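The structure appears below as structure tokens.
Please treat every number below as a calculation from the coordinates, not as lab data. This structure is a prediction, so every number in the text was calculated from the model and none was measured. So basically every Cβ, Gly included, is an ideal-geometry build from the backbone, and we count neighbours across all protein chains shown.
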Amino acid sequence: MPELLERLGPQTLTPAHQAKVKAVAVRLPELSGDAYSTIYGKLNADFHVGRYSDIPDAQWEQVEAWFRCELDDAERRHRHGGR
């Protein structure tokens, strides 16, 4: 069984976590002015994956922290009139 799990690789983001990513990603363009593709591109690059759905679920806490940081930065820029 361990061999099979090793060949399968780490479990990727669960459907529930993917839905949360989408929900938060909807807020970012409103604040930052960035296109969805830019946001997903940054997320993918920062987690070294081709698609956000390929991020290991074990990294969920880091994904949440990434979005908190992005939202905080976007809200700060939005409040100060810059994008």
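General remarks:
- Per-selection metrics, the chain (Cα): Rg and Dmax in Å: 14.8, 56
- Charge context of residue 41, other residues only, Cβ under 13 angstrom, K/R +1, D/E -1: -1
- Once backbone amide H atoms are built at 1.01 Å from N, residue 12 has 57 as its partners under 5 Å, excluding neighbours fewer than 5 places away on the same chain.
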